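K.L.:
Below: one structure in C-alpha cells.
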Amino acid sequence: MTKSDVPRRFRGVMERRGWLGQTPVLLGVSGGSDSMSLLCAFSRLYEPSQLVVLHMDHGLRGASSRDGEFVKKRCAELGVRCVIERRPVSALSRKGESEEAAGRRLRYELYEETAQRFGCRLVALGHTRDDLAENTLMNLARGCGLWGVAGMPEQRDIYIRPLLSFRRQELRDFLRAQGWSWVDDETNALNIYQRNRVRNEVMPLLAREVNSGVVEHLASLAEEAQLWRKMQEEQSSALCREVSLPQRGWPCLSLSKLRRVHEFQRRELVRFVGRRLELPALSRVRIEELDRLMRRSGRFVFQWGSAVDVEAGGGMLCWHPAAEKRLEALELSLGETARWGGWRVSLRRKDASAEAGFGLRCPLDGARPVVLQKNSEKYDVTTSFFPVIFQKNVFRAEKKQNQWEILRHSVKYNIVAEVVLSPLVGRWRESLWN
C-alpha cells in the first residue's frame, strides 16, 4: 500500500456518496486509531474552518481526561475547532440500561446538540470494516433476521461512516506514515463488554480455526444485505402507499389488501411501519404472531411494547398509543402531567394562537379538574384510543376523524388552556400519515 492510497480511496468514497462539499462536518473523535484516521483523512481534504471535532469523555476511567487533551492538542495544531464534553455514563445511565447502551445514547444526544450548535450538515463517525464485520456477527448471534445482517449503514440521516471500506490495520499504517499517533483505551483489552469479547476472542478464533478471511467475508455479506435492505425499503414504501388509508389521519392500513400480499412482504411491511414510527423492533416470533392475527382475525389488539397497540377493526389495521390503564378516568388540574395509556397528558395555560398538538385548546373553569375518560359510546379503530375530555358543566370534547368536536355547556368560563396529548413512544407526526 502506498502512502497516497488511503487519501485517494477516502476522497473516492466522499465523492461517490455525494458527501464532498457538504460542510461544515462534525467529526466524532475519541482519540483512538480509527477516529484519529478519520480526523487525518478529513484534514487532508477540507479546510480547518469546515470541520468541527467533538470528543466525549465518558468518565469511566481515571485517565479518560487524557484522551480529551490529546485530541484537543492535535486539533490546535490543525487549527480545527474542538469541543470537549464530559458526560459521566455511570451517573447518567437509565434504569436497566447497560454502560454500552448508555454511552451510545449519550454520544448521539451530544452529536445532535453539537451539530445543531455549529450548523453541521453531516456527522462523521470512524467505524471501520472490522467494526462492520463484528456488528454483523453480533447481530446474527442475537437472531436479527435479514435486516440486521446489513449491520451498520454508510449513512443514516446526517450520520456517515466513510471508513467502512478500510481495515483497522491499514488505517494505523496510514497514521504512522503521516507521523500521527493515537491513544489506546486500556479497557479495550478487557473482555468486560460484549463487543470487546467478540473483537478479542471470537473474531481471532474464527480467523484461526475457520477462515482467515472471516472479516472480509462478513463485511461483504453485510454489503450484500445493505443492497437488499435498500431494495426492500423501497418495496415496502410503495406497498405501504398502496394499502394505507391516509385520509384517516393516523397510521392505518387496509386489512383486505394486506391479506392479498405475500406473507414475506406483509411481515416486512409491518417492520417498515415500526421503523417509520421509530418503535422498538419486534422479534421474529412476535412479527409472526401479528401476521397470524392479520390473516385470521377481523378485530384484535396486539401490544407493540407497553406504550403502543396495533388494533384491527372495521377492516382496518391501526397503530396508536396503547390502551393499557386507559379505562379509568384521569383528573388533571392546571399545571399537572400524568400518563393515560400510551399518552403523556398535561394541562397548561396556552396562548390562544398556539397549537395543541394531538390535544385541544379550550375555555375552562380554572378551579375545576379536567377529566379524561375512555370513549365507550362508539367504536372507531382510528379514534377510539383518544380520550373523551370534559369538565363538568363546562365543556365536553370528542375526537372525530381529523379534528376535535367541542361541546360547551357554559360560556361563563373563559380561562384558555391546552390539553396536550404526547405519545410516550414513537414519532407519529414525522410519518407519511400526517
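K.L.:
Determine the percent antiparallel among the DSSP beta bridges restricted to the chain, to the nearest 5.
P.N.:
In the chain, approximately 75 percent of DSSP beta bridges are antiparallel ones.
K.L.:
Quote to one decimal, in nm, the extra length available between Arg17 and Arg156 on full extension: 0.36 nm per residue of separation minus the C-alpha distance between them.
P.N.:
Here the segment from Arg17 to Arg156 would lengthen by 48.8 nm.
K.L.:
Tell me, what is the percent relative contact order of the chain, built from C-alpha pairs under 8 Å that lie six or more residues apart?
P.N.:
Contact order relative to length: 11 percent.
K.L.:
What number, in percent, do you get for the relative contact order of segment 255-404 if the mean sequence gap of Cα pairs under 8 Å and at least 6 apart is divided by its residue count?
P.N.:
15 percent
K.L.:
Could you work out the helix-only [θ] at 222 nm for the chain, with each DSSP H run of four or more residues adding -39,500 (n - 2.57) and the total divided by the number of residues, to the nearest 500 deg cm²/dmol?
P.N.:
-12000 deg cm²/dmol
K.L.:
Measure up Lys95/Lys350; Lys95/Lys399; Lys350/Lys412; Lys350/Lys399; Lys73/Lys95 against 28 Å on the Cα-Cα distance and list the ones that go over.
P.N.:
Where the Cα-Cα span goes over 28 Å, the pairs concerned are Lys95/Lys350; Lys95/Lys399; Lys73/Lys95.
K.L.:
Averaged per residue, what accessible area in Å² does the chain show with a 1.4 Å probe, protein chains only?
P.N.:
With all protein chains present, the chain gives 50 Å² per residue.
K.L.:
If the chain between Ser422 and Leu92 were fully stretched, how many nm would it gain, using 0.36 nm times the residue separation less the Cα-Cα distance?
P.N.:
Roughly 116.4 nm would be gained on extension.
K.L.:
So what's the angle, to the nearest 10 degrees on a 0 to 90 scale, between helix 5-16 and the longest Cα principal axis of the chain?
P.N.:
For helix 5-16, the angle is close to 30 degrees.
K.L.:
So if each residue of separation counts as 0.36 nm, and I subtract the Cα-Cα distance between Lys230 and Glu336, what length gain in nm does that give?
P.N.:
Gain on stretching Lys230 to Glu336: 33.7 nm.
K.L.:
To continue, here is another question. Measure nothing fancy, just the Cα-based angle from helix 263-276's long axis to the longest principal axis of the chain, in degrees from 0 to 90, nearest 10.
P.N.:
For helix 263-276, the angle is close to 90 degrees.
K.L.:
Related question: Report the FRET efficiency, 1/(1 + (r/R0)^6), for Val301 and Arg241, where r is their Cβ-Cβ distance and R0 is 22 Å, rounded to 0.05.
P.N.:
So the FRET efficiency works out to roughly 0.30.
K.L.:
Whole angstrom only: what separates the Cα centroid of segment 279-309 from the Cα centroid of segment 1-80?
P.N.:
Between the Cα centre of segment 279-309 and that of segment 1-80, the gap is 43 Å.
K.L.:
Evaluate the distance, in nm, between pseudo-label points positioned 7 Å from the Cα of Ala141 and of Asn188 along their respective Cα→Cβ axes.
P.N.:
1.9 nm
K.L.:
If I take every Cα pair under 8 Å that is 6 or more residues apart in segment 18-106, average their sequence separation and divide by the length, what percent do I get for the relative contact order?
P.N.:
Over segment 18-106, the number comes to 27 percent.
K.L.:
Computed FRET efficiency, Cβ-Cβ of Val388 and Arg368, R0 25 Å: what is it to the nearest 0.05?
P.N.:
0.95
K.L.:
What's the ranking of 211-224, 20-33 by average number of surrounding C-beta atoms within 10 Å, highest first?
P.N.:
20-33, 211-224
K.L.:
I want to make sure I understand the PRE zone here: with the label point 7 angstrom from the Cα of Glu69 toward its beta carbon, which residues in segment 172-198 have backbone N atoms less than 17 Å away?
P.N.:
Answer for segment 172-198: 182-186.
K.L.:
Compute the angle between helix 33-45 and the longest alpha-carbon principal axis of the chain, please, reported from 0 to 90 degrees and rounded to the nearest 10.
P.N.:
90 degrees
K.L.:
Would you calculate the separation in nanometres between label points at Gln116 and Asp173, each defined as 7 Å from the Cα along the Cα-to-beta-carbon direction?
P.N.:
For Gln116 paired with Asp173, the spin-label model returns 4.4 nm.
The values are calculated or read from the model by the stated rules, or taken from the named source; none is laboratory data. Keep in mind that what you see is a predicted model, and the values were worked out from it rather than measured. FYI the Cβ positions are ideal-geometry reconstructions off the backbone, even for glycines, and counts take in every protein chain you see. The protein model used for the area step is the full one, side chains on, heavy atoms only, and it has no ligands, DNA or RNA in it. Shrake-Rupley method; radii C 1.70, N 1.55, O 1.52, S 1.80 Å.
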